[in-house]
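Novice: Mind having a look at this structure? Questions to follow.
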């Protein structure tokens with residue numbers, strides 16, 4: 001049991017940065033499917049929680065410090081607002097694992113002023129859905145698409 005938890009830690013850590021790394025890492029480490037799904041969700045939600053609750057502080061301490069004279073392109077800002085009005089938090093949460101990273105999706109949601117409770121709920125639903133879908137695809141089709149040294153025996 002302890003060995004499986006220790007093998008799942010890199011899967012969770014890699015999922016904090018890029019969601020797809022969780023299912024791929026779990027498959028490469030030959031973890032059971034359910035462990036990979038759980039580790040991927042835990043990893044994604046770790047960065048979601050961190051950036052939801054500490055995102056403003058990080059922006060004030062890091063981004064604003066190093067990028068003081070940052071110029072915002074008004075046209076890009078308007079495009080972002082239009083996308084947010086059209087798709088909102090549910091759309092951002094849905095696209096988080098595929099296009100955005102857990103960090104990018106959370107930062108976008110926080111920057112548009114969504115409530116922390118709603119961000120956590122939508123991101124958890126999205127992370128759970130996509131962890132199941134992507135992990136299942138990787139596990140069921142992995143032997144056909146991955147090189148021999150990664151395939152499960």
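Novice: Restricting to the stretch 131-153, give me the number of residues that are surrounded by 10 or more Cβ atoms within 10 Å (Cβ to Cβ) and modelled with pLDDT of 75 or more.
Specialist: So in the stretch 131-153, the residues surrounded by 10 or more Cβ atoms within 10 Å (Cβ to Cβ) come out as 131-143, 145-146, 150-152.
Next, from what is left, pick out any that are modelled with pLDDT of 75 or more: 131-143.
So the answer is 13.
Novice: Looking only at the stretch 10-62, which residues are under 12 Å from the mean Cα position of the chain (by Cα) and outside any helix (DSSP H, G or I)?
Specialist: 18, 19, 20
Novice: What is the residue count in the stretch 75-129 for residues that are modelled with pLDDT of 85 or more, within 23 Å of residue 21 (Cβ to Cβ) and not in a helix (DSSP H, G or I)?
Specialist: 1
The values are calculated or read from the model by the stated rules, or taken from the named source; none is laboratory data. What you see is a predicted model; the values in this text were computed from it and never measured. Glycine gets a Cβ as well: all are built from the backbone with ideal geometry, and neighbour counts include every protein chain shown.
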